[in-house]
Amino acid sequence: MKIVLAYSGGLDTSVILKWLRETYDAEIITFAADIGQEEELKGLPAKAKRTGATRHYTLDLVEEFARDYIYPMVRANAIYEGQYYLGTSIARPLIARAQIEIARKEKAEAVAHGATGKGNDQCRFELTYMALSPRLQIIAPWKIDAFREKFPGRAEMIDYCRAHRIPVEASLKKPYSMDRNLLHISYEAGILEDPWFDPTTKANKGMFKLSVSPEDAPDRPEYVELEFERGNCVAVNGRKLSPAGVLKTLNRLGGRHGIGRVDLVENRFVGMKSRGVYETPGGTILMHGHRQIESLTMDREVMHLRDSLIPKYGELVYYGFWFAPEREALQALVDESQKHVSGTVRLKLYKGNVITCGRKSRYSLYDLKVASMEGVKSWYNQSDATGFIRLNGLRLRARYFAQGGPKA
């Protein structure tokens, strides 16, 4: 039997790799997607083979991740529950799709992942498997009784790694999990499970890796200009960049100024609430800039229609339905709305804040003559507003005359 394991080299997948080999007497092929983890990928092939893998694949998916997953989501302005920039969520369908390709290449019978039975990632991985290769067997150790009995908590997993000389970053002193990619870093579990725990204190702030705390950020603001074409950022400060290049540049700028930290209690797809801490410096700047150029170039009714769909789009990404027909249909509408979302936005970065300082576009719907309060003549006739308001007030007047109107 061949099993392809989505492998990060962290605590869970390190334990799972050895456990799968012992339990199934199978050939384990590990796979890691390079989606911007940077130093976390160092030494992964050797570590995987030392832990029991017969082969290891690391695929460079950074540019594809930015171009085909992050950018479409940014065009939709998708944020889950008004706070979460979906950094982990949007990475999972890409990882699962690439894992399926390796399973086909290796003629493997099964795919495996290290997501728990309580979280969202199990849904994201398995829904992608089902959408793209439904005949593959899915092995999810955290949903197997024997695995949970052997490893009831992180302490037992850490002890197991020590006993088998498997190096992992997690320890009893730092018992939280971390997931990093080009868009963000997420932190959860362990000490963060208490929603009253403050990770921003001097004693705890070493947890953060992408950004300084706002109070430690420079005392002088920094300006940045983003150029957009059809809803996609194509240049930063006049320098043309690929999607991944844009995010890497904005991550550095945002991190330097303490931008993009979010601490929230979110509603998981499986029904429970969970606490997560996130760093999304580049994504926060990018999303802010995108919204600003839309404000100048997008028709009001198109914007309101698209905005009404943001919660649904965000849910589909968060729940794991990236390859579902309804997400594809929403994406078609979103992309149609972006035809004229082109121009430049000027932003100021200062101590955790992204401040808009200007925007311009050849497709601007803003007409200075129409909007001006200085008596400038234009094709807009203020007298037309009288009839406009009377017609909109017709039903309100009718209600008053027929039913007595609202209680004041």
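General remarks:
- GLU326 paired with ASP198, simple spin-label distance in nm, labels 7 Å along Cα-to-beta-carbon: 4.1
- Counting only protein heavy atoms and a probe of 1.4 Å, the accessible surface of region 225-316 is 52% carbon and sulfur.
- Where Rh is the Kirkwood radius over Cα pairs, Rg/Rh for region 66-156: 1.04
- Label zone at LEU391 (point 7 Å along Cα-to-Cβ), backbone N below 19 Å, region 277-306: 300-302
- Distances between placed amide hydrogens fall under 5 Å for LEU5 paired with ILE29, THR30, PHE31, ALA112, all partners being 5 or more residues away or on another chain.
- Here the Karplus curve 6.51 cos²θ - 1.76 cosθ + 1.60, taken at θ = phi - 60°, turns the phi angles of region 342-347 into couplings of 9, x, 10, 10, 10, 10 Hz, with x standing for Gly and Pro.
- Ranking by accessible area, most exposed first, for TRP142, TRP19, TRP379 with a 1.4 Å probe: TRP379, TRP142, TRP19
- Between SER295 and ARG268, the simple label model (points 7 Å from Cα in the Cβ direction) yields a spacing of 3.7 nm.
- Long pairs among LYS248/LYS348; LYS209/LYS351; LYS312/LYS351; LYS47/LYS205; LYS18/LYS143; LYS18/LYS150, criterion Cα-Cα beyond 20 Å: LYS312/LYS351; LYS47/LYS205
- Where labels lie 7 Å past Cα in the beta-carbon direction, separation of ARG252 and TYR223 in nm: 2.1
- Computed lengthening from LYS312 to GLU63, 0.36 nm per intervening residue step minus Cα-Cα distance: 87.0 nm
- Fully extending the segment from ILE355 to ASP367 would add 2.0 nm, taking 0.36 nm per residue of separation and subtracting the current Cα-Cα distance.
- C-alpha long axis of helix 121-132 to longest principal axis of the chain, angle in °: 90
- Against the chain, whose longest principal axis comes from its Cα atoms, helix 325-337 is set at around 40 degrees.
- Cα-Cα P(r), region 14-117, percent of pairs per 5 Å interval: 2, 11, 19, 20, 19, 13, 8, 5, 2, 0
- Cβ-Cβ FRET estimate between SER378 and THR54, R0 fixed at 60 Å, reported to 0.05: 0.25
- Of all accessible heavy-atom area on region 176-219, the percent that carbon and sulfur account for (1.4 Å): 52
- The separation of region 206-260 from region 90-114, counted between C-alpha centres, amounts to 32 Å.
- Computed lengthening from ASP216 to ALA46, 0.36 nm per intervening residue step minus Cα-Cα distance: 57.4 nm
- Each helix, a run of at least 4 DSSP H residues, gives -39500 (n - 2.57); summed and divided by the residues of the chain, these come to -12500 deg cm²/dmol at 222 nm.
- Acute angle (nearest 10 degrees) that the helix 11-24 long axis makes with the longest principal axis of the chain, alpha-carbon atoms: 50
The values are calculated or read from the model by the stated rules, or taken from the named source; none is laboratory data. In this text the structure is predicted, and so the values were computed from the model without any measurement. Cβ sites come from the backbone with ideal geometry, for glycine too, and all protein chains shown count toward neighbours. Please note that ligands, DNA and RNA were not included when accessible areas were found on the heavy atoms of the full protein model with its side chains. Shrake-Rupley method; radii C 1.70, N 1.55, O 1.52, S 1.80 Å.
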